[in-house]
Amino acid sequence: MSIVVLLLYALAIIILLFVPKNYVRCFSIIISSIIGAFSVYLFFDFLMNGNNATFMINLGINYFFRIDNFNAPLVLLNGLITFAVPLATHIKEKERDFYLLTFTVLLGTAGLFLTQNIILFVLFYELASVPMYFLIAKWGSWGITPFRKVSPNFAAWKLFIYLQLGGALVMIAFFILHSYVFGSDIFAGWNFQDYERIIKEGKFLINSENIALFLFLLFFVAFGIEAALVPFHTWLPDGHSAAPSSISVILAGVLLKMGTYGILRIPIVFFPQIAEKYGIILILFGVLNLIYGAFNAFRQVDIKYLIAYSSISHMGAIFIGLGANNDLGISAAVFQMVSHGLIAAMMFSIAGSLQHRTNTRIIDNYGGLMRITPFIGTMLVFAGMANLGLPGLSGFVSELLSLSALLQKINNTIGIYLVLLSLVGIFLTSVYVLNLIDKTLYRKVNILYSNLHDAHWDEKLHMLVLATFVLILGIFPSIITDLSNLTQIKKIIGW
């Protein structure tokens with residue numbers, strides 16, 4: 001069943017080549033809805049029945065796909081983002097090319113989450129990252145910071161270079177690991193299970209702690225670049241600001257999660273002793289992300305730059321959870337991957353709706369929009385409250401879990417100080433979110449925008465679906481936390 005998801009993406013790409021021009025968006029909405037519904041079904045089928053939907057092809061090396069405790073929540077997230085993207089798209093120029101590249105990116109992210117093969121992991125990573133350059137360079141717009149303007153071409157090149165650097169480091173780390181563990185045997189060691197089998201036997205992949213630590217950190221930096229880890233983050237705000245808003249939905253929703261999923265799936269699983277001993281490194285970077293992102297979000301004048309720095313901040317909670325490397329920590333990390341993906345997707349979709357109507361992203365140019373566009377305003381309030389961690393919504397759960405995991409990991413004065421520093425970032429989040437809501441929705445109406453129309457059916461539909469899942473996860477977090485935690489992972493790996 002897992003392969004069906006990938007086949008649906010491939011089918012969408014093939015059919016899009018032949019769909020009449022006037023029906024490209026209509027077809028994209030239909031096929032993305034089918035993919036989204038099937039992804040939801042796969043997730044709940046695995047949750048209820050434990051059906052891992054394995055599919056394998058043996059070509060000398062086993063190439064196989066599987067749903068497991070690691071990736072099931074991300075398959076759900078990828079499906080929901082796929083559903084939302086065509087509905088959130090306002091692109092009219094060269095629609096066929098736009099949707100072909102968009103579905104290629106989503107095929108790449110879905111394949112990366114599902115594959116259990118290292119070669120395919122790298123190939124799907126490239127499939128997801130390379131088309132982003134063209135989507136931003138061709139259909140992007142200028143971004144504005146307090147200090148400079150950013151062109152789509154510059155942002156596209158910057159994103160491309162950073163993502164290719166991260167991908168190259170992942171490949172280097174894989175080849176070094178393979179040479180140490182399997183030597184010259186070119187047909188072994190290309191599936192995650194080849195390494196997990198050694199761990200199940202109670203052995204270390206690499207006996208030298210120094211070499212194991214080097215590889216752990218190399219994987220961490222490589223995937224950290226892809227996950228906008230400070231100080232390797234600068235590609236993300238520029239990329240978001242220039243990208244079409246529906247592409248920002250993908251970028252924040254699932255593309256960033258390739259990095260954090262990679263950290264969970266490879267260095268933490270492959271080097272459990274190193275992860276346990278040196279997890280504080282991930283925690284410190286997580287706290288840095290949380291504070292730095294929130295502080296910079298507070299300073300932005302462009303709504304998309306604000307949301308981009310907010311994403312950097314919220315990625316910090318994932319790093320904290322991964323660094324804690326306990327039941328609460330792994331649950332927090334996976335939960336925040338999904339929660340942030342949904343909330344950030346809503347925020348960027350709303351930003352796109354506002355830009356489409358006003359032709360501006362400058363926050364101070366808005367004002368009084370709650371009276372003019374009440375549905376969009378209500379969705380902004382909802383997404384903002386989820387973003388700042390209002391109890392009852394998914395953002396609160398992930399923050400609570402990550403900070404609890406931190407204290408469980410570092411149960412001393414240092415742990416308390418790190419939690420207090422994290423709370424500074426959370427406080428700043430509340431400040432910039434409330435400031436955004438106030439300036440956008442409740443101040444004097446800008447006369448230029450006094451006759452705007454509210455959300456169309458397509459905008460309402462995808463925003464309500466995303467909001468529904470944010471609410472469901474906020475009320476029933478165990479849907480994910482019981483599925484993806486260290487105890488469940490130990491059962492899979494056999495620690």
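So the values come out like this:
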| read-out | value |
| --- | --- |
| Answer residue from segment 452-495, given it is outside any helix (DSSP H, G or I) and farther than 18 Å from Met337 by Cβ and is modelled with the highest pLDDT among those | His456 |
| Breaking point among (1) surrounded by fewer than 23 Cβ atoms within 10 Å (Cβ to Cβ); (2) touching a residue at least 60 places away in the same chain (Cβ under 8 Å), for Tyr417 | (2) |
| The one condition in (1) in contact with a Gly (Cβ under 9 Å, 6 or more places away or on another chain); (2) at pLDDT 95 or above that Gly279 fails to fulfil | (2) |
| Residues of segment 69-102 classified as of a type in the set (Asp, Glu) and in contact (Cβ under 8 Å) with a residue 60 or more places away in the chain, total | 1 |
| Yes/no for Ile291 being in contact (Cβ under 8 Å) with a residue 24 or more places away in the chain, farther than 30 Å from Lys149 by Cβ and aliphatic (A, V, I, L, M) | no |
| Test set (1) under 29 Å from Lys21 (Cβ atoms); (2) free of Cβ contacts under 8 Å to residues at least 24 places away in the same chain - Val105 fails condition number | (2) |
| Qualifying residue in segment 129-144 (condition: buried (at least 17 other Cβ atoms within 10 Å of the Cβ), hydroxyl-bearing (Ser, Thr, Tyr) and in a loop (DSSP other than H, G, I, E, B)) | yes |
| Looking only at segment 252-295, and only at residues there that are polar (S, T, N, Q) and within 24 Å of Tyr125 (Cα to Cα), the one that is nearest to the chain's Cα centre (by Cα) | Thr260 |
| Test: Ile343 is within 21 Å of Val424 (Cα to Cα), aliphatic (A, V, I, L, M) and either surrounded by 24 or more Cβ atoms within 10 Å (Cβ to Cβ) or touching a strand residue (DSSP E or B) at 6+ places or on another chain (Cβ under 6 Å) (or both) | yes |
| Condition check for Ala324: surrounded by fewer than 24 Cβ atoms within 10 Å (Cβ to Cβ), of a type in the set (A, V, I, L, M, F, W, C), at pLDDT below 95 and more than 23 Å from Thr234 (Cβ to Cβ) | no |
| Of all residues in segment 149-197 being among the hydroxyl-bearing types (Ser, Thr, Tyr) and in a helix (DSSP H, G or I), the one that is modelled with the highest pLDDT | Tyr162 |
| Segment 61-110, residues that are outside any helix (DSSP H, G or I) and of a type in the set (A, V, I, L, M, F, W, C) | Ile61, Phe64, Phe65, Ile67, Phe70, Ile91 |
| Criterion: surrounded by fewer than 23 Cβ atoms within 10 Å (Cβ to Cβ), within 24 Å of the chain's Cα centre (by Cα), among the polar types (S, T, N, Q) and closer than 25 Å to Ile475 by Cβ - qualifying residue of Ser398, Ser430, Ser402, Ser394 | Ser430 |
| Condition met for Ile410 (surrounded by fewer than 24 Cβ atoms within 10 Å (Cβ to Cβ), of a type outside the set (Phe, Trp, Tyr) and in contact (Cβ under 8 Å) with a residue 40 or more places away in the chain) | yes |
| Test: residue in segment 424-442 that is among the aliphatic types (A, V, I, L, M) and under 30 Å from Val75 (Cβ atoms) | yes |
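The values are calculated or read from the model by the stated rules, or taken from the named source; none is laboratory data. Everything numeric in this text was worked out from a predicted model, so none of it was measured. All Cβ positions, even for glycine, are placed from backbone atoms using ideal geometry, and neighbour counts span all protein chains on display.
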